[in-house]
Structure formats: structure tokens, C-alpha cells
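Here the structure is laid out as C-alpha cells; the discussion comes afterwards.
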């Protein structure tokens, strides 16, 4: 998709770039399908491409030497994979892969890093890294201080924010893996949320019935990174001009 127009992009970082900066990379952006399970960043391997997520959901996962893993971040249409390259490193021990299939715009790392010469664009990405660090910090806080009930509600809200779908293709096994708990625990708490009429959980799918109930359950465990993203980055996608497919998305709606 060489020569993509900025208003055609769904990715909020691309839409937030100054027009001049976007023009520098537009000819090199390559549209691609991102099927579930596709790796975006491999552990300890050079990050050769950056992916601007247009739809779907990616997970960043920390993996220990003995094989234990847990999700440390989510990426949707608000973000990119491979951002550690902005910190002067070409690789990371963490992995990133597509959790829910979608589409994206691929850009070589070298072309992406050329944007550092554009101060306003560079600032956008530095602010994005700040929101990523805050998301990680809030995940650690939630794991240490909040109940499984609240953590599950928080995680579902974060998925809902990024997928812009009420029917989310999430399995109990995957929820357990991402939250670092047993499958039986996830199933039990999904049933509790069902009893509150917040969700409906079926095989391989979680449907959001009432987001407000999830917000009440999650309480203070959810919202700080989302608010910081809107404060620092924001975009016209929040206004009336955003594409119809994005209206009604999360982010405090």
C-alpha cells in the first residue's frame, strides 16, 4: 500500500504524526495480514520490522529461562510493536505476537528510526513508550494488590479498548496464560461476571454485555495508562471524524 494517505490509517500513532513526518514513511508502509499467533518480535532476535497495528490484538510476553511466561502488555490500533528500538537496542528478551488476528502496516526498522530526525514525531513515540511503561507498572500493581476478579475485569476492558468488538475471540486457556493463573480460576471468575450480566462467555469467545459493570468491578485497577495516552497523544479518532468502525470504542466510553 505504497503512498497510503494519513486519513486512511486506523493506527492512532500514524494519525497523530505531523503531516510532514508521515509523508517521510508513507511510501514504505506495507499493508499486511496479521494472523493469530504471528510473531511480531522474537525473543533475543534483531527487530527488523515495526508493525503499526490497524486491527486485531497483539500481546507482549515476558518469558523466563525455565519456560514460565506472562503477558506484560497489549497492543492494538493505538500502538506499535518493536518500540524497544527507540531505546537504542536492536532486540529484547520479551516476545510479541498476535493474540487476535488483524491487519497492520509493516515498516523496516531503519526507515522507522529515520523519524528520530523529526523532533515532533520523535516526541510522539517517546510519549507512547511512557504509556507502555505505565501499562506495565499498572499490571504489576494489579497483580500484587488487586483480586483476580478485578484483574480479569481490567484485562477484558483492555482487550475491548483495542479490538473495538463486543464479541472477542478469547479462550479460557489463553486468559489463564495471559493472567498467569490456573484455567479453573479464570473460568470461575468469568462465571461471576456472567452472573452480574457484564459478559457472556462461550467456547472461544467472551461477549461484552455491559462495559459499565466491568468498569465498576475493575475500579482503580484500570484507567491510568488509558488516561495518560489520551492526555499525551490523543487523535482525531476521538472526535466525530473518526471512521464509523471505530465509533463506540473503549477508552472511557
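Condition test on residue 157, is it surrounded by 15 or more Cβ atoms within 10 Å (Cβ to Cβ), in contact with a helix residue (DSSP H, G or I) (Cβ under 7 Å, 6 or more places away or on another chain) and at pLDDT below 95?
The answer is no for residue 157.
In the stretch 160-206, what count of residues is obtained for those that are within 15 Å of residue 56 (Cα to Cα), touching a strand residue (DSSP E or B) at 6+ places or on another chain (Cβ under 6 Å) and assigned to a helix (DSSP H, G or I)?
Counting residues in the stretch 160-206 that are within 15 Å of residue 56 (Cα to Cα), touching a strand residue (DSSP E or B) at 6+ places or on another chain (Cβ under 6 Å) and assigned to a helix (DSSP H, G or I) gives 3.
Could you tell me how many of the residues in the stretch 107-128 are in contact with a strand residue (DSSP E or B) (Cβ under 7 Å, 6 or more places away or on another chain) and either surrounded by 17 or more Cβ atoms within 10 Å (Cβ to Cβ) or modelled with pLDDT under 95 (or both)? Step through it out loud before you land on a result.
The first filter runs over the stretch 107-128 and keeps only residues in contact with a strand residue (DSSP E or B) (Cβ under 7 Å, 6 or more places away or on another chain), leaving 107-109, 112.
Filter once more, keeping what is either surrounded by 17 or more Cβ atoms within 10 Å (Cβ to Cβ) or modelled with pLDDT under 95 (or both): 107, 112.
The total comes to 2.
Of everything in the stretch 1-51 that's exposed (fewer than 13 other Cβ atoms within 10 Å of the Cβ) and in contact with a helix residue (DSSP H, G or I) (Cβ under 7 Å, 6 or more places away or on another chain), which residue is farthest from residue 104 (Cα to Cα)?
Top of the filtered list is 19.
Return only the number of the condition from (1) assigned to a helix (DSSP H, G or I); (2) out of contact with any helix residue (DSSP H, G or I) (no Cβ under 6 Å at 6 or more places or on another chain) that residue 125 does not satisfy.
Of (1) assigned to a helix (DSSP H, G or I); (2) out of contact with any helix residue (DSSP H, G or I) (no Cβ under 6 Å at 6 or more places or on another chain), only one is false for residue 125: (2).
Quick one: would you say residue 103 is surrounded by fewer than 21 Cβ atoms within 10 Å (Cβ to Cβ), at negative phi, touching a residue at least 40 places away in the same chain (Cβ under 8 Å) and assigned to a helix (DSSP H, G or I)?
When the stated conditions are applied, residue 103 does not pass them.
The values are calculated or read from the model by the stated rules, or taken from the named source; none is laboratory data. All of these numbers come straight from a predicted model, not from anything done at the bench. Using ideal geometry, Cβ is built from the backbone for each residue, glycine included, and neighbour counts are taken over all protein chains shown.
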